[in-house]
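Every number in this text was worked out from the coordinates using simple rules, so none of it is lab data. Every value quoted in this text rests on a predicted model; they were computed, and no experiment measured them. Glycine gets a Cβ as well: all are built from the backbone with ideal geometry, and neighbour counts include every protein chain shown.
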């Protein structure tokens with residue numbers, strides 16, 4: 001890892017003035033997008049904002065975690081949906097965040113999974129009425145998105161060509177003792193400046209050394225990346241680096257949090273309650289894995305995850321008994337960001353392996 005940079009933790013004011021800030025969210029043009037009505041028989045309809053990038057035959061559905069928006073997947077969206085031509089990538093804002101509706105009601109991971117399934121049906125990616133569906137969907141979920149993915153997989157196991165669960169759990173349990181648990185929970189609601197909020201979140205998600213290092217994001221180029229618009233304010237349209245990895249994360253958080261229609265405390269709190277109440281039993285996970293096929297399942301967790309303890313990742317692995325399991329030394333809670341090239345390669349290899357067996361007789 002590169003040497004730390006001077007002042008890796010700049011103020012919000014400094015970052016808002018940085019020349020890279022206008023290009024924080026890459027202008028990756030989707031092949032289709034919209035706001036899909038979901039939950040018509042579940043108290044809705046609510047509208048879920050989605051984008052599809054790429055038009056290849058291999059379909060990947062990414063499911064984001066707590067308070068994450070579509071752009072949080074941009075390292076994967078660019079790699080699979082723009083740099084490659086064999087994939088179609090679905091990203092969406094879960095209920096409660098971003099451009100999706102934020103209904104004031106109880107959120108559960110099962111309801112959020114049904115939202116996602118409704119979008120999949122709207123796009124024609126699955127057909128729940130088909131008694132013998134093809135395994136055409138590669139499902140990838142992280143954190144809360146991994147919990148939602150468990151619920152999706154439990155409901156439509158025969159549609160899945162593969163399942164990848166990152167940094168998630170079958171249930172959120174107390175593994176750190178009463179004091180540490182209460183301190184961590186109270187941090188979410190304690191009054192803080194936005195500078196303090198973002199720095200606290202960053203240190204919960206990423207290793208300190210990575211945060212202090214120079215910005216290492218592999219950015220698209222409007223000159224070579226298909227369907228990529230120019231960076232606003234850049235003289236030649238190219239996307240510019242930030243000073244540090246932390247500053248890029250800070251900028252992405254600012255883009256989200258400074259948009260009052262995208263980020264609300266009630267929406268995040270309702271998502272948090274869904275994560276806190278998530279429960280999948282041994283019986284349910286065994287049934288899910290049996291119907292998908294364990295050779296199609298990968299589960300990965302980091303030893304340094306400060307959001308969902310690695311103990312819970314190991315427990316999920318033991319409950320599911322997946323074909324591939326990775327406990328990664330030193331990895332935190334958001335490897336799709338700080339280990340993006342490696343994660344993309346891992347996903348690509350797993351998907352390729354599962355494409356070879358997706359039509360295998362069961």
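Out of the residues in the range 153-167 that are in a helix (DSSP H, G or I) and in contact with a strand residue (DSSP E or B) (Cβ under 6 Å, 6 or more places away or on another chain), state the one that is nearest to residue 279 (Cα to Cα).
153
Which of the residues that make up the range 323-347 are surrounded by fewer than 16 Cβ atoms within 10 Å (Cβ to Cβ), in a helix (DSSP H, G or I) and in contact (Cβ under 8 Å) with a residue 24 or more places away in the chain?
Passing the criteria: only 341.
I'd like to check something: does the range 71-87 contain any residue that is assigned to a loop (DSSP other than H, G, I, E, B) and under 18 Å from residue 25 (Cα atoms)?
no
Restricting to the range 121-150, give me the number of residues that are assigned to a helix (DSSP H, G or I) and buried (at least 23 other Cβ atoms within 10 Å of the Cβ).
7
Could you tell me whether the range 277-287 includes any residue that is in contact (Cβ under 8 Å) with a residue 12 or more places away in the chain, surrounded by 15 or more Cβ atoms within 10 Å (Cβ to Cβ) and within 24 Å of residue 69 (Cβ to Cβ)?
yes
Of 101, 14, which residue is assigned to a loop (DSSP other than H, G, I, E, B) and surrounded by fewer than 22 Cβ atoms within 10 Å (Cβ to Cβ)? Can you show your working first?
Values: 14 fails: assigned to a loop (DSSP other than H, G, I, E, B).
Within the list 101, 14, the selection yields 101.
Conditions first: (1) in a loop (DSSP other than H, G, I, E, B); (2) farther than 21 Å from residue 333 by Cβ; (3) in contact (Cβ under 8 Å) with a residue 40 or more places away in the chain; (4) in contact with a strand residue (DSSP E or B) (Cβ under 9 Å, 6 or more places away or on another chain). Residue 59 passes all but one, so which condition is the exception?
The failed condition is (1).
Residues checked against (1) within 18 Å of residue 18 (Cα to Cα); (2) without any contact (Cβ under 8 Å) to a residue 24 or more places away in the chain:
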| site | (1), (2) |
| --- | --- |
| 214 | yes, no |
| 223 | no, yes |
| 231 | yes, no |
| 255 | yes, no |
| 266 | no, no |
| 271 | no, no |
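Restricting to the range 48-75, and then to whatever is crowded, with 23+ Cβ neighbours inside 10 Å and under 22 Å from residue 223 (Cβ atoms), can you tell me which residue is nearest to the chain's Cα centre (by Cα)?
Per the stated criteria, the residue is 74.
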